[in-house]
1. The conditions are (1) modelled with pLDDT of 95 or more; (2) outside any strand (DSSP E or B); (3) surrounded by 15 or more Cβ atoms within 10 Å (Cβ to Cβ), and ASP108 fails exactly one of them. Which is it?
2. Checking ARG90 against (1) in contact (Cβ under 8 Å) with a residue 24 or more places away in the chain; (2) on the phi > 0 side of the Ramachandran plot: exactly one of these is not met. Which one?
3. Is one or more of the residues making up segment 20-42 touching a helix residue (DSSP H, G or I) at 6+ places or on another chain (Cβ under 9 Å), closer than 18 Å to GLU116 by Cα and without any contact (Cβ under 8 Å) to a residue 40 or more places away in the chain?
4. Of everything in segment 92-105, what is more than 13 Å from the chain's Cα centre (by Cα) and surrounded by 20 or more Cβ atoms within 10 Å (Cβ to Cβ)? Give them in sequence order.
5. For the condition touching a Ser or Thr at 6+ places or on another chain (Cβ under 6 Å) and either not in a strand (DSSP E or B) or not hydroxyl-bearing (Ser, Thr, Tyr) (or both), what is the one hit in ARG23, ARG40, ARG27?
6. Looking at segment 43-87 only, could you name the residues that are out of contact with any Lys or Arg (no Cβ under 7 Å at 6 or more places or on another chain), in a strand (DSSP E or B) and either over 27 Å from ARG138 (Cα atoms) or without any contact (Cβ under 8 Å) to a residue 40 or more places away in the chain (or both)?
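The values are calculated or read from the model by the stated rules, or taken from the named source; none is laboratory data. For clarity, every value in this text was computed on a predicted model and none was experimentally measured. Here the Cβ positions follow ideal geometry from the backbone for every residue, glycine too, while neighbour counts run over all protein chains shown.
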Amino acid sequence: MSFEIERKFLVRGNDWEKLAIRRTSLRQAYLACNGKISIRIRIKDDHAATLTVKSRPADLRRLELEYDIPVLEAEALIKLRQGSIIEKVRHVIPCGDLVWEVDVFSGDNFGLVIAEVELRHEHQHVELPPWVGAEITRQPQYYNSSLVLLSQKVATNDEENHLFGKIHFSDGSAENGSAKIE
């Protein structure tokens, strides 16, 4: 069985852009999403596609099963989706012995920028690059399966204009710290 262990963060500034070694355009949608499971269809650069099953709730470690499928079948399945289609460009950034993925959203989620890093184990130490902001790992409103269901426009990474209201950092700044959404 395959498990995903990842941490998610908001991104500060644009300094990370020059570090990206690869970019991939992604379109994805969810066929099912409930308290136990999400089933995702993803199309990469219009020439490869996957069907992914993930356990829920969104947590640091969760079951993830992914299967390659033909793009034509993915296009047909996307029409059966719940909610909107997620559109984003994924930027791959090596940093030390880890690989970061920075997703720049467009479409309904324009302005949202999220960094993810996959870990080998749940207690792995992660040295955060300077462009990494507040951690959002256990905040389900920032997971793609939640973004597709939102009827309001998703906010940008500007602390005055966040997803469910103003975002406040525990240290009082917009630069770093733990986020609390109110």
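1. Failed condition: (1).
2. (2)
3. For segment 20-42, residues touching a helix residue (DSSP H, G or I) at 6+ places or on another chain (Cβ under 9 Å), closer than 18 Å to GLU116 by Cα and without any contact (Cβ under 8 Å) to a residue 40 or more places away in the chain: present.
4. ILE93 - this is the single residue of segment 92-105 that is more than 13 Å from the chain's Cα centre (by Cα) and surrounded by 20 or more Cβ atoms within 10 Å (Cβ to Cβ).
5. After ruling out the rest, the residue left standing is ARG40.
6. If the condition is that a residue be out of contact with any Lys or Arg (no Cβ under 7 Å at 6 or more places or on another chain), in a strand (DSSP E or B) and either over 27 Å from ARG138 (Cα atoms) or without any contact (Cβ under 8 Å) to a residue 40 or more places away in the chain (or both), then LYS44, ALA48, LEU51, VAL53, TYR67, ASP68, ILE69 are the ones that fit.
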